[in-house]
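Accompanying notes for the structure given below.
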Amino acid sequence: MDRIGFIGLGRMGRPMASNLQRKGFGLVVFDIARSPCDALAELGASVADSVAGVAKEVRTIFTCLPSHVEVEGVILGSDGLIAHAAPGTTVVEMSTIDPEVTDRCAAALASSEMHCIDAPIGRLASHADAGESLFMVGAEEAEFNAIRPMLEAMGTSIHHCGPVGTGIRTKLVNNYLAITLCQINAEALALTRRFGLELERTLEVLHGTTATNGQLRINYATKVLKGDITPGFQIDLAHKDLSLVTQAANANRVPMPVAAAARECLSLARARGWGGQDFSALLDALCESAGIEPVRFSDRGGAD
């Protein structure tokens, strides 16, 4: 089996690369931080000393990077993939970035006789650890089929959304709903606390009506309502994604006033020092602002 490249070994990239290596896909990896590279080396991966070093060794390369700045540097930069990878190389870009950057990188790769696939990641870091990520893939059919076994080594839900560029656009639609619902749930549960309602009985009602949603039923139930606000998906990252949503919507002349309002709610939480916590901690940030106790399971409330 040919080796594949993996660039970007952060909180999402490292476990996904580890799952690839463990499941028989030999890797050549690179990250500006040494410790995740050493961890992959312990699993049997080869470590390159640069992006160029990865590009010269493989013909399929995954990138999982923090922002468009790193993506453009890795793909378009003078020491990047276009400058050093061979024609026919496939680049699978998994970062959450401005769709126009995805389009620009895809066009540049195509002009150099390379292929671009966008495959942003759904779900949380804990799912990446367990090999249970979700991927929204933009690719031509043949290219999608070629990388599908690799995606299956890292995740359990793989959606072919259309040609390149549709993956990241689907991700932004998904994250708009997920993040905005997180803020709405925070407001609803803070009001529950202020009203002195019993949380479990209120949730029983909400889950039996059209008010229910995945954030309330799954994320809140397993994170903030149990007192766990360690980051699976940070408020800072949620803020970044809502910024991308509003920017892309503006570019396409789609008014999104709710997205803009939700983004500013996250801005307030970040300003109060909550940015590094899980985005379900928007509930705790709101309770702090309102001067009420955090909402937790087995808390019977009580009017303030």
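The values are calculated or read from the model by the stated rules, or taken from the named source; none is laboratory data. Here the structure is a predicted model, which is why all the values come from computation and not from measurement. Here the Cβ is made from the backbone with ideal geometry for all residues, glycine too, and neighbour counts use every protein chain on show.
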**Message:** Within segment 245-268, does at least one residue satisfy the condition of being under 22 Å from Met12 (Cα atoms) and touching a Lys or Arg at 6+ places or on another chain (Cβ under 9 Å)?
**Reply:** yes
**Message:** Yes or no: segment 114-134 includes at least one residue that is out of contact with any helix residue (DSSP H, G or I) (no Cβ under 6 Å at 6 or more places or on another chain), at pLDDT 95 or above and at positive phi.
**Reply:** no
**Item:** Residue within segment 92-110 that is over 18 Å from Leu27 (Cβ atoms), hydrophobic (A, V, I, L, M, F, W, C) and under 16 Å from the mean Cα position of the chain (by Cα) present
**Value:** yes
**Prompt:** Among the residues of segment 107-127, how many are of a type in the set (A, V, I, L, M) and within 18 Å of Gly5 (Cα to Cα)?
**Reply:** 5
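Taking the conditions exactly as written (assigned by TED's automatic domain parsing to the domain that holds Arg123, free of Cβ contacts under 8 Å to residues at least 60 places away in the same chain, under 18 Å from Ala86 (Cα atoms) and surrounded by 16 or more Cβ atoms within 10 Å (Cβ to Cβ)), does Leu40 satisfy them or not? Before you say what the answer is, go through the steps one by one.
Working: assigned by TED's automatic domain parsing to the domain that holds Arg123: yes; free of Cβ contacts under 8 Å to residues at least 60 places away in the same chain: yes; under 18 Å from Ala86 (Cα atoms): no; surrounded by 16 or more Cβ atoms within 10 Å (Cβ to Cβ): yes.
It is false that Leu40 is assigned by TED's automatic domain parsing to the domain that holds Arg123, free of Cβ contacts under 8 Å to residues at least 60 places away in the same chain, under 18 Å from Ala86 (Cα atoms) and surrounded by 16 or more Cβ atoms within 10 Å (Cβ to Cβ).
If you go through segment 274-295 one residue at a time, do you hit one that is of a type in the set (Val, Ile, Thr), surrounded by 12 or more Cβ atoms within 10 Å (Cβ to Cβ) and closer than 18 Å to Arg123 by Cβ?
Start the filter on segment 274-295 by keeping residues that are of a type in the set (Val, Ile, Thr), which leaves 292, 295.
Restricting the remaining residues to those that are surrounded by 12 or more Cβ atoms within 10 Å (Cβ to Cβ) gives 292, 295.
Then keep just the ones that are closer than 18 Å to Arg123 by Cβ; that gives none.
Checked against the condition, which is being of a type in the set (Val, Ile, Thr), surrounded by 12 or more Cβ atoms within 10 Å (Cβ to Cβ) and closer than 18 Å to Arg123 by Cβ, segment 274-295 yields no hits at all.
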**Fill in**
When segment 202-217 is checked residue by residue, the ones that are assigned to a helix (DSSP H, G or I) and closer than 26 Å to Gly122 by Cα are Leu203, Leu206, Gly214, Gln215, Leu216, Arg217
**Request:** Answer with yes or no whether Gly138 is crowded, with 17+ Cβ neighbours inside 10 Å and not aromatic (Phe, Trp, Tyr).
**Result:** yes
**Request:** Identify, by number, the condition in (1) out of contact with any helix residue (DSSP H, G or I) (no Cβ under 8 Å at 6 or more places or on another chain); (2) more than 29 Å from Asp241 (Cβ to Cβ); (3) touching a residue at least 24 places away in the same chain (Cβ under 8 Å) that Pro66 doesn't meet.
**Result:** (2)
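So which residues in segment 97-117 are of a type in the set (Ser, Thr, Tyr) and surrounded by 21 or more Cβ atoms within 10 Å (Cβ to Cβ), if there are any at all?
Applying the first criterion (of a type in the set (Ser, Thr, Tyr)) to segment 97-117 yields 102, 111-112.
Answer for segment 97-117, where residues must be of a type in the set (Ser, Thr, Tyr) and surrounded by 21 or more Cβ atoms within 10 Å (Cβ to Cβ): just Thr102.
Applying the selection to segment 20-48, what residues are within 23 Å of Glu152 (Cβ to Cβ) and in a helix (DSSP H, G or I)?
At the first step, the residues of segment 20-48 found to be within 23 Å of Glu152 (Cβ to Cβ) are 20-29, 36, 39-40, 43-46.
Listed by number, the residues that qualify are Leu20, Gln21, Arg22, Pro36, Ala39, Leu40.
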**Item:** Neighbours by Cβ (under 6 Å, 6+ apart or cross-chain): first from segment 192-213, under 18 Å from Leu177 (Cβ atoms) and outside the structural domain of Leu283 (by TED's automatic domain parsing); second assigned to a loop (DSSP other than H, G, I, E, B) and at pLDDT 95 or above
**Value:** none
**Asked** When you go through Gly165, Gly155, Gly208 one by one, which is the residue that is on the phi > 0 side of the Ramachandran plot and not basic (Lys, Arg)?
**Response** Gly165
**Asked** Hey, Arg270 hits all of (1) under 25 Å from Asp129 (Cβ atoms); (2) charged (D, E, K, R); (3) free of Cβ contacts under 8 Å to residues at least 40 places away in the same chain but one; which does it fall short on?
**Response** (1)
**Asked** Does segment 109-117 include one or more residues that are within 22 Å of Val245 (Cβ to Cβ), in a loop (DSSP other than H, G, I, E, B) and either in contact (Cβ under 8 Å) with a residue 60 or more places away in the chain or not aromatic (Phe, Trp, Tyr) (or both)?
**Response** no
